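Here the structure is laid out as structure tokens; the discussion comes afterwards.
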Amino acid sequence: MADKIKSAYQTSKNIYDDVLTQGSFLSRLYIRLFWSGTDDNEVARKVLAYIPDDFDGALLDVPVGTAVFTWQKWAQLKKARITCLDYSEDMLAQARERLKDYAHVACIQGDVGSLPMPDASYDVVMSMNGFHAFPDKEKAFQETWRVLKPGGAFVACFYIKGKSRMTDWLVRRVLSKKGWFTPPFHTEDELRRMLGKMYREVDMHTDGSMVYFRCRK
Ligand SMILES: C[S@@+](CC[C@H](N)C(=O)[O-])C[C@H]1O[C@@H](n2cnc3c(N)ncnc32)[C@H](O)[C@@H]1O
């Protein structure tokens, strides 16, 4: 499974940013046809808006991917201490390039299911478009919770099933087969119940087949 994920993101590393940011006509068509027009740029903006522009604590961005959505905000948060982690060296290489001039940001390779940080080390854990890719979601939820300080914020967005038959078909028949996504996936209700058990102050929204939220440990 791990090799499948690495090879999937190695194959897509050169088109990833274009597809997610809808940089070309074909990307816009793909999003319109298969994702009911949900704009990842807009979802990313909403997720990033949960983090104040004067944030000065410790933040973990997992998975950072190429940092296409996050690098500009991380660059501005000069008083923060930011760790960016991803499993794929190919994706991480692009994040490293984008963030190389910022000493307050570190990029490291790792597995969200076994984070190399002590308990309660972050004020914010951000997970953008990650949980639909993570192979062991239970461990990923446990580990992101473990490294958060009490009162810290868990902020995330990812695909949920049950919102669009077309998107669910694409995820099941294409994206999961290639390794960009890894089942099982949550429905909105399942996720709400789970977050409700682990966290308080759950502020959760959906946009098409994407969910985004902030909650507190
Ligand atoms: C869809 S990309 C999202 C990247 C970025 N956050 C974004 O929004 O563009 C999913 C990322 O999850 C990473 N990933 C998959 N499994 C992982 C794991 N077990 N630990 C850490 N990262 C993982 C992949 O390498 C890939 O870069």
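Each value in this text was obtained by applying a stated rule to the coordinates, not by laboratory testing. Note that the structure is a prediction, hence the values are computed from the model and not measured. Cβ coordinates were reconstructed from backbone atoms using ideal geometry, including for glycine residues, and neighbour counts include every protein chain displayed.
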_Integer Hz, Karplus 6.51/-1.76/1.60 couplings in order for segment 117-132, x for Gly and Pro_ = 10, x, 4, 6, 9, 10, 7, 9, 10, 10, 10, 9, 6, x, 5, 6
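Mind sorting L191, L148 by how few other Cβ atoms lie within 10 Å of their own Cβ, fewest first?
Lowest to highest Cβ neighbour count: L191, L148.
Could you give the dipole magnitude of the chain about its Cα centre, charging the beta-carbon of Lys and Arg +1 and that of Asp and Glu -1, in debye to the nearest 20? Kindly include the intermediate steps, with their values, before the conclusion.
Details: 32 positive and 28 negative charges, 85 e Å.
The calculation lands at about 400 debye.
With runs of 4+ DSSP H residues as the only contributors, calculate the mean residue ellipticity of the chain at 222 nm using -39,500 (n - 2.57) per run, divided by the residue total and rounded to the nearest 500.
One gets -10500 deg cm²/dmol as the mean residue ellipticity at 222 nm.
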*Treat the count of other C-beta atoms within 10 Å as a stand-in for reagent exposure and order V19, V211 from fewest to most.*
V19, V211
*If a/c stays under 1.5 just call it rounded; otherwise compare a/b with b/c (prolate if a/b is bigger, oblate if not). Do that for segment 57-178, with a ≥ b ≥ c from the square roots of the Cα gyration tensor eigenvalues.*
prolate
*What does the charge dipole of segment 40-123 about its Cα centre add up to, to the nearest 20 debye, if the Cβ of each Lys and Arg holds +1 and the Cβ of each Asp and Glu holds -1?*
260
*Among Q76, Q109, Q94, which one shows the biggest mean-square fluctuation in a GNM of the chain, springs joining Cα atoms closer than 10 Å?*
Q76
_For the chain, take N as its residue count and report Rg(C-alpha) divided by 2.2 N^0.38 Å._
0.95
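Among E143, E188, E89, which comes first, then next, by fewest other beta-carbon atoms within 10 Å?
Final ranking by Cβ density, sparse to dense: E89, E188, E143.
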*Table column - 3J(HN,Hα) (Hz), segment 159-171, Karplus curve with 6.51, -1.76, 1.60, x for Gly and Pro*: 6, 10, 8, x, 9, 8, 5, 5, 5, 4, 4, 4, 5
*By its C-alpha gyration tensor, with a ≥ b ≥ c as the square roots of the eigenvalues, how is segment 117-157 shaped: rounded for a/c under 1.5, else prolate for a/b larger than b/c, else oblate?*
oblate
*Just flag the trypsin sites (Lys or Arg not before Pro) in segment 37-100 sitting in loop per DSSP whose Cβ has no more than 13 other Cβ atoms within 10 Å.*
K78, K79, K100
